[in-house]
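Okay, structure first, notes after.
The values are calculated or read from the model by the stated rules, or taken from the named source; none is laboratory data. Keep in mind that this is a model prediction, so the values were computed, not measured. Here the Cβ is made from the backbone with ideal geometry for all residues, glycine too, and neighbour counts use every protein chain on show. Just the protein is used for accessible areas: all its heavy atoms, side chains included, with ligands, DNA and RNA removed. Shrake-Rupley method; radii C 1.70, N 1.55, O 1.52, S 1.80 Å.
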Amino acid sequence: MPVNIIVTAKQVIDPETPASALKVDAQGKRMETPPNVPPVINGFDENAVEAALRLKDAQGGKVTVISVGKSFVLDVIKKPLSMGCDELILIQDDNAPTFDAYATAQVLAAAIKKVGQWDLVLCGRQASDFDQAQVPLGLAELLKVPCVTIAQKVEVKNGQVTVQRVAPDGAEVMEAPLPALVTISNELGQPRYPTLRGIMAASRKQPTQWKLADLGLNASELAPRVEVAQVFIPAKQKVVEMIGGDNDEEKGWNLARKLREAKLI
Amino acid sequence: MADPQGVLIVVERSDTGMAPITAELAGAGAQLAKALGQDLSAAVCSDSASSPGLVQAVGRLGVKRVFVAEHAALAGFQIEAHLAALEQVIKQANPRVVLLGKTVQGRDLGPRLAFRLGCGLAQDCVEIGWDQGRNTLQAVRPVYGGASQARVLVVTSPAFAALRPKAFEPVPETAGATAEVVKVAVSLDSIGPVAKLVNRTKQEAAGVRLEDARTVVSGGRGLGGPEPFKVLHELATALGGAVGASRAACDAGWVPYPYQIGLTGKSIGADLYIAIGISGASQHLAGISGVKNIVAINKDGEANIFKEARYGVVGDWSKVVPAFLQAVKEMASR
């Protein structure tokens, strides 16, 4: 059965940026990287793209990627197209206020309804900037579909999605009727690298660009429920006591003595 | 309808009774209720067989009132049933603030419940309080993988917050304390299509559970392969603790994912955490923020883990750790 899949993707600052290069922006509302560090697609969203493409490879269908954001870097946000996705929809309104999770889910829900035809929505389990893991769950609520989180394997058969999800002590298999929403975790496996052919194909595709006005949302639906008052780097007070020794073996013995003195072992 | 009042905690169940997060919610909730000058209450959603025990247990945590929704469909954790029940309990209880745990259950339940009621939720909070000026719930939560924190205001009523496990002091139980019980008749007939659990497989390592261990020995990318985890297991056994790992070691397939400690793995609250070959990315540190003493063993003296550690050893783990293990064994035999 061919599957019509929607993947949500977010452009974020590169989480691999060393802590020393990160700073709080002038407004004190978010972190920023130096200008020469390009943004990336949220890692878990790339896992979601991979999950979608595996389904498409196995049984056909279409993968549409939707992203809500500001200041998109086209070379970055087009990556899912070069990985093999069929369509990219960008919802960008640089004049709009910064959305909280509730407003973001409202925008995504409206966009998905505008797309119309779909069986499955796949989202990354959380975004590496604000780490909320709220938008996918909220989106499932707004779309009124079943939701399974933190998947490591997704299969679609006979109008049902079967999801193996990561549990603290193993795995759980869940089944839900389509349409449904599933969030994807890194346990699914590495996302594929774009092929040269994929990159060429993507370079010829233009993303569909929608404005908020195209989605017919009103101001109260987009009003923030949660406001960010301040982002800050907490002060560290810990001072490490380094354990010395003439060689590494002696350091090992000295560590044991120190921990015994401190009654920790 | 009267103005929303008080703080409501959502009682979480474990296989054997009440989950430990509930006492942490009660601790944080009591302080918040005091700041508001209002009452602390609790919501129990359960089947009739389990609810009396839960009501008693939560009563010992010093809550004033317990709202109880009993229904056969609430026996296990079927999220759609619990969502529908909690939605009805919250409408009746009319609280100003709702607190949940950012646990395996709560992390799914919290956002969906808040969205369903058109409200905001602060996720994964490590501090909560009342902003008197704005008259709203304020919370501090780690962001950017723990590289920084955000102070957020939840401007809806009720305001929701999901609290990070082990970030708040649990309230001690008071023997004989009881709460006033308010039964809520819930209707669960209009639940739409649901995801059903069809199978569960366990992959837990033998020995002490990582979450409960007082001592955790943990390995990362610096170990270079699966083999060194044998020494880590030996060390953990000698110390009566458990073995954990960074995401890098799990992604590499050296140990299974249930070992993973960090933002998207387990959060632990050990007294002693021995990090071996772990660089200390903020995402990993997020899982050990509740640890009392961190020991870092790493060949790179500039590694970020040393900024978090109480004790540090710069050296080759393959020489330091066996000597350390030998010393631990000799101390134990004396």
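Wholly within segment B:94-188, which strands (runs of 3 or more DSSP E) include no fewer than the required count, namely at least 2 residues that are of a type outside the set (S, T, N, Q) and modelled with pLDDT under 95?
Where strands (runs of 3 or more DSSP E) fall fully within segment B:94-188 and carry at least 2 residues being of a type outside the set (S, T, N, Q) and modelled with pLDDT under 95, they are B:136-143.
Condition check ((1) charged (D, E, K, R); (2) under 30 Å from B:ALA150 (Cβ atoms); (3) touching a Cys at 6+ places or on another chain (Cβ under 7 Å)) across all residues:
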{"site": "A:ALA111", "(1), (2), (3)": "no, yes, no"}
{"site": "A:GLY116", "(1), (2), (3)": "no, no, no"}
{"site": "A:ARG125", "(1), (2), (3)": "yes, yes, no"}
{"site": "A:LEU143", "(1), (2), (3)": "no, yes, no"}
{"site": "A:VAL148", "(1), (2), (3)": "no, yes, no"}
{"site": "A:VAL161", "(1), (2), (3)": "no, no, no"}
{"site": "A:ARG165", "(1), (2), (3)": "yes, yes, no"}
{"site": "A:LEU181", "(1), (2), (3)": "no, yes, yes"}
{"site": "A:ARG204", "(1), (2), (3)": "yes, no, no"}
The one condition A:VAL121 fails out of (1) within 10 Å of chain B (Cβ to nearest Cβ); (2) in contact with a Leu (Cβ under 7 Å, 6 or more places away or on another chain) is (1)
On the basis of being open to solvent by less than 20 Å² (accessible area, probe 1.4 Å), farther than 18 Å from B:GLY145 by Cα and among the aliphatic types (A, V, I, L, M), does B:ALA270 make the cut? yes
Residues (closer than 21 Å to A:ALA105 by Cβ and touching a residue at least 60 places away in the same chain (Cβ under 8 Å)) located in segment A:218-246: A:GLU221, A:LEU222, A:ALA223, A:PRO224, A:ARG225, A:VAL226, A:GLU227, A:VAL228
Neighbours by Cβ (under 7 Å, 6+ apart or cross-chain): first from segment B:69-87, part of a helix (DSSP H, G or I); second among the basic types (Lys, Arg): B:LEU83/B:ARG112; B:LEU83/B:ARG116; B:GLU87/B:ARG116
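So which of A:VAL49, A:VAL68 is open to solvent by 10 Å² or more (accessible area, probe 1.4 Å), among the hydrophobic types (A, V, I, L, M, F, W, C) and either closer than 30 Å to B:ALA114 by Cβ or more than 14 Å from chain B (Cβ to nearest Cβ) (or both)?
A:VAL68
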For A:VAL231, all conditions in the list (1) at the interface with another protein chain (Cβ under 8 Å from one of its Cβ atoms); (2) farther than 30 Å from B:VAL155 by Cα; (3) out of contact with any Leu (no Cβ under 7 Å at 6 or more places or on another chain) hold save one; what is the number of the exception? (2)
Confirm whether B:PRO193 is part of a loop (DSSP other than H, G, I, E, B), assigned by TED's automatic domain parsing to the domain that holds B:PRO52 and at pLDDT below 95. no
Can you find even one residue in segment B:101-114 that is charged (D, E, K, R), in the same structural domain as B:LEU163 (by TED's automatic domain parsing) and over 23 Å from B:SER267 (Cα atoms)? no
Tell me, please, whether a residue that is facing chain B (nearest Cβ under 9 Å) and either touching a Lys or Arg at 6+ places or on another chain (Cβ under 6 Å) or open to solvent by 40 Å² or more (accessible area, probe 1.4 Å) (or both) can be found in segment A:192-200. no
Residues satisfying the stated conditions in segment A:31-47, i.e. within 19 Å of B:LEU263 (Cα to Cα) and either touching a His at 6+ places or on another chain (Cβ under 9 Å) or outside any strand (DSSP E or B) (or both): A:ASN42, A:GLY43, A:PHE44, A:ASP45, A:GLU46, A:ASN47
Checked against (1) of a type outside the set (Lys, Arg); (2) without any contact (Cβ under 8 Å) to a residue 40 or more places away in the chain; (3) surrounded by 24 or more Cβ atoms within 10 Å (Cβ to Cβ); (4) part of a helix (DSSP H, G or I), B:VAL321 satisfies every condition except (2)
For segment A:157-172, how many residues meet the condition of being over 22 Å from the mean Cα position of the chain (by Cα) and either within 8 Å of chain B (Cβ to nearest Cβ) or touching a residue at least 40 places away in the same chain (Cβ under 8 Å) (or both)? 5
List the number of the failed condition for B:VAL291; all other conditions in (1) more than 7 Å from chain A (Cβ to nearest Cβ); (2) part of a helix (DSSP H, G or I) hold. (2)
Being surrounded by 18 or more Cβ atoms within 10 Å (Cβ to Cβ) and basic (Lys, Arg) is the requirement here; does A:LYS251 meet it? yes
Given the conditions (1) without any contact (Cβ under 8 Å) to a residue 40 or more places away in the chain; (2) open to solvent by 30 Å² or more (accessible area, probe 1.4 Å), which single one is not true for B:GLN260? (2)
Restrict the check to segment B:26-33 and report whether at least one residue is in the same structural domain as B:LEU99 (by TED's automatic domain parsing) and surrounded by fewer than 15 Cβ atoms within 10 Å (Cβ to Cβ). no
Which members of segment B:140-186 meet the condition of being within 24 Å of the chain's Cα centre (by Cα) and surrounded by fewer than 16 Cβ atoms within 10 Å (Cβ to Cβ)? B:GLU169, B:PRO172, B:GLU173, B:THR174
For segment B:91-107 the number of residues that are open to solvent by 10 Å² or more (accessible area, probe 1.4 Å) and more than 14 Å from every other protein chain (Cβ to nearest Cβ) is 5
Residues in segment B:111-125: is at least one acidic (Asp, Glu), out of contact with any helix residue (DSSP H, G or I) (no Cβ under 9 Å at 6 or more places or on another chain) and either within 11 Å of chain A (Cβ to nearest Cβ) or closer than 25 Å to A:ALA219 by Cβ (or both)? no
When B:ALA72 is run through (1) in contact with a strand residue (DSSP E or B) (Cβ under 9 Å, 6 or more places away or on another chain); (2) open to solvent by 20 Å² or more (accessible area, probe 1.4 Å), the failure sits at (1)
